[in-house]
Amino acid sequence: MEMPHVTRATAAATSVAASQGLPVSDAVVLHNSNKLALRLTPGDVFARVAPVGEEVARFEIELAQRLAEVGAPVCPLEPRVPPRVFTRDGFAVTLWTYCEPVTPHLSPADYARALELLHAGMREVDLPSPRFTDRITEAEEIVADPARSPELAHAERDFLGGRLAGLRREIEERGAPEQLLHGEPHPGNVLGTRDGPLFIDLETCCRGPVEFDLAHVPEAVPAHYPDIDQGLLDACRQLVLAMVAAWRWDRDDAFPNGRRFGDELLRALHDGPPWPTLDALTRRLGR
């Protein structure tokens with residue numbers, strides 16, 4: 001969000017929290033993209049804010065409740081308020097328990113075990129959700145429409161569109177078992193807390209093979225996850241690179257240094273295997 005929207009979104013979140021009887025004197029921005037993540041103090045509330053109509057917050061709340069009931073490692077909702085979506089000044093606000101990170105970097109084994117537990121809990125949850133191919137379709141639509149991706153060169157548009165279509169076919173033809181997934185369990189969406197690793201940001205959940213989730217995690221993690229199809233994981237890693245590349249070229253993308261990241265993703269796809277992970281590319285860009 002741009003700064004004027006950040007200011008309004010923060011005011012909406014603090015107003016909602018105060019209206020629910022929660023103590024609020026300050027708000028710290030933890031993450032800012034298409035959604036805003038805030039820590040509200042001194043009540044230690046984690047607030048997620050998005051423009052109304054651009055969120056799937058009701059789905060996220062229901063899923064979080066179901067997963068908590070089966071003991072899955074997810075960040076819990078704020079227990080002092082009703083589990084619902086609050087709207088204020090054009091923003092949708094959800095309130096969660098703030099979980100203090102105590103471990104800056106999870107070990108690959110702990111990361112894999114937490115994801116395995118999350119997947120086990122998700123297999124117990126019967127909730128209608130999109131399929132991972134819907135994410136591919138979103139990316140294809142951006143690439144196919146020059147009005148939505150005006151800075152993407154024609155040759156790269158053809159290359160990226162063809163790669164997305166080909167990977168969709170390759171993964172579906174493998175016929176791997178599918179289940180409910182997190183959708184984007186990258187390091188930014190898992191916290192090392194006193195209660196162990198906890199996953200946040202459930203609005204990206206979709207159905208697909210577990211290798212689709214594992215394509216988002218650091219390179220060393222899948223070796224600790226049981227029964228992985230390495231060929232399918234390689235295809236999914238490439239798919240994630242292609243989808244994120246499409247999103248970075250979206251005209252309305254607000255990701256910091258998005259075009260640079262888009263260029264780096266396209267370069268990785270042209271270079272071929274071994275396919276880098278997103279966190280490796282992010283570290284490379286940071287340097």
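The values are calculated or read from the model by the stated rules, or taken from the named source; none is laboratory data. For clarity, every value in this text was computed on a predicted model and none was experimentally measured. Cβ sites come from the backbone with ideal geometry, for glycine too, and all protein chains shown count toward neighbours. Each accessible area value is taken on the protein alone, full model and side chains, heavy atoms only, with ligands, DNA and RNA left out. Shrake-Rupley method; radii C 1.70, N 1.55, O 1.52, S 1.80 Å.
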Out of (1) over 18 Å from the mean Cα position of the chain (by Cα); (2) surrounded by 14 or more Cβ atoms within 10 Å (Cβ to Cβ); (3) on the phi < 0 side of the Ramachandran plot, the one residue 42 does not meet is (2)
Considering region 250-265 alone, what residues qualify as being open to solvent by 20 Å² or more (accessible area, probe 1.4 Å) and either modelled with pLDDT of 95 or more or not small (Gly, Ala, Ser) (or both)? 250, 251, 252, 253, 255, 256, 257, 259, 260, 263, 264
Candidates 134, 158 - the one that is at negative phi and more than 21 Å from the chain's Cα centre (by Cα): 158
Starting from region 124-145, keep only residues that are in contact (Cβ under 8 Å) with a residue 40 or more places away in the chain, then list their pairs with residues that are assigned to a helix (DSSP H, G or I) and open to solvent by 60 Å² or more (accessible area, probe 1.4 Å) whose Cβ atoms are within a distance under 6 Å, requiring at least 6 positions of separation or different chains. 125/66
Residues that are more than 23 Å from residue 192 (Cβ to Cβ), at least 3 per element: which strands (runs of 3 or more DSSP E) completely within region 1-78 meet that? 24-32, 45-51
Among the residues of region 11-26, the number that are in contact with a Leu (Cβ under 6 Å, 6 or more places away or on another chain) and either aromatic (Phe, Trp, Tyr) or open to solvent by less than 30 Å² (accessible area, probe 1.4 Å) (or both) is 2
